[in-house]
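These notes concern the structure reproduced below.
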Amino acid sequence: MIGGGPAGLSASIAVSIKGFDVTVIDSARPPIDKACGEGILPAGVDILRRLGVRIPKDDGFALRGIRFLSDGVSVEAPFPSGTGLALRRTRLHECLIERATELGVRLLWSRRATDVSAASSFEWIVGADGQNSRIRSAAGLDDPGRRSYRVGFRRHYRVSPWTDFVEVHWGSRCQIYITPVSPNEMGVAVLSRDSHTRLEDALIEFPVLQRRLAGVRACSMERGAMTASRCLRHVVHGNTALAGDASGSVDAITGDGLSLAFQEAVALADALATGDLRRYETAHRRLMRHPAMLARVLLLLDRFPALRRTVMRLLVWEPAVFGRALAEHGAISAGARG
């Protein structure tokens with residue numbers, strides 16, 4: 001398993017449960033942080049439970065649903081079944097490491113992927129090494145097809161959450177995401193097509209948020225990352241498979257990243273248990289279909305503010321539509337992982 005982030009660790013756990021001996025190699029040292037929304041949808045929370053990943057009750061924050069706010073209009077919907085979970089990315093990483101270690105997964109940190117990418121002693125190789133995957137390139141799975149890139153920056157603030165919903169605040173040139181990650185801490189992230197946009201600059205466009213955070217102490221450094229929508233034609237070649245962002249990704253606007261990676265982990269383990277990676281290829285394509293479609297729709301709303309205002313007004317008049325859309329999204333995710 002090349003890559004020891006959440007995608008690689010969850011896959012190593014799922015595969016180990018199937019009886020495989022697993023080695024994880026990563027050039028970094030844990031816990032590995034990354035700028036992300038840090039929210040896990042209910043389908044992903046369910047998979048973590050199935051994999052035996054224990055997250056203490058005192059860690060994280062239960063999420064009840066999603067709320068969109070734009071031009072003075074607000075619409076929301078609870079998750080149709082179960083609750084989501086948000087917690088610091090570093091704490092999630094520690095919990096995944098604990099479970100992998102418990103299962104006997106061999107963890108090699110500060111090691112380069114080139115150390116093992118061509119090693120004949122491994123029956124299977126999984127590239128979970130991110131958007132710029134070396135394993136994907138080495139396996140000839142790079143795809144020059146359509147891609148969409150944006151940038152994101154995230155910081156945490158020491159403040160009691162004012163909501164148990166993930167809030168997505170839409171502006172003219174960006175979105176700001178509010179995610180409660182503990183009873184006394186909020187994650188605040190900005191997503192934009194403009195690589196020069198930073199969180200402090202973006203908050204000027206959102207006076208309500210700016211007032212809420214005025215005088216509040218930041219308790220983490222601002223961290224940036226690229227978010228991308230990218231679908232690959234193939235994620236399997238020979239004895240090599242791709243997982244997580246290495247296998248394609250959807251824009252962070254969907255909130256699907258972590259949950260999608262956990263679903264891929266289970267699908268990969270099921271395929272390896274049969275010795276047929278083509279099953280993973282088929283399952284992966286099914287898992288990506290709905291999040292990719294959702295990302296295209298939401299990015300249209302980002303690109304065309306007039307369209308977004310129209311859609312938001314319609315949702316205010318028919319709030320059940322938003323709930324049905326969220327229910328359909330959850331149902332498809334849950335069905336796809338099975």
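Remarks
- Condition met for Gly255 (under 22 Å from Arg50 (Cβ atoms) and modelled with pLDDT under 95): yes
- For the stretch 59-80, the criterion of being farther than 30 Å from Pro207 by Cα and either among the hydrophobic types (A, V, I, L, M, F, W, C) or out of contact with any helix residue (DSSP H, G or I) (no Cβ under 6 Å at 6 or more places or on another chain) (or both) is satisfied by no residue at all.
- Count of the stretch 90-121 residues which are at negative phi, modelled with pLDDT under 95 and in contact with a Lys or Arg (Cβ under 6 Å, 6 or more places away or on another chain): 1
- Residue match in the stretch 287-302 (condition: of a type in the set (Lys, Arg), surrounded by fewer than 24 Cβ atoms within 10 Å (Cβ to Cβ) and touching a residue at least 60 places away in the same chain (Cβ under 8 Å)): yes
- Strands (runs of 3 or more DSSP E) contained entirely in the stretch 129-227, each with at least 3 residues that are within 20 Å of the chain's Cα centre (by Cα) and surrounded by fewer than 18 Cβ atoms within 10 Å (Cβ to Cβ): 147-157
- Qualifying residue in the stretch 174-188 (condition: hydrophobic (A, V, I, L, M, F, W, C) and farther than 24 Å from Ala77 by Cβ): no
- Under the condition of being buried (at least 18 other Cβ atoms within 10 Å of the Cβ) and either of a type in the set (Phe, Trp, Tyr) or in contact with a Leu (Cβ under 6 Å, 6 or more places away or on another chain) (or both), the residues counted in the stretch 54-72 number 3.
- Answer residue from the stretch 10-34, given it is surrounded by fewer than 23 Cβ atoms within 10 Å (Cβ to Cβ) and among the small types (Gly, Ala, Ser) and is nearest to Thr179 (Cα to Cα) among those: Ala28
- Residues in the stretch 228-247 that are touching a Phe, Trp or Tyr at 6+ places or on another chain (Cβ under 9 Å), buried (at least 21 other Cβ atoms within 10 Å of the Cβ), part of a strand (DSSP E or B) and of a type outside the set (S, T, N, Q): Val236, Ala241.
- Tally of residues being more than 18 Å from Arg136 (Cα to Cα) and of a type in the set (A, V, I, L, M) across the stretch 240-271: 8
- Cβ-Cβ under 7 Å pairs, at least 6 apart or on other chains, the stretch 307-330 side within 20 Å of Ser172 (Cβ to Cβ), far side at pLDDT below 85: Leu315/Val321; Leu315/Phe322
- Matching residues, the stretch 214-262, being over 18 Å from Lys34 (Cβ atoms) and of a type in the set (S, T, N, Q): Asn239, Thr240
The values are calculated or read from the model by the stated rules, or taken from the named source; none is laboratory data. Just so we're clear, the structure is a prediction, and the values are computed from it rather than from any experiment. In this analysis, Cβ positions are derived from the backbone assuming ideal geometry, glycine residues included, and neighbour counts consider all displayed protein chains.
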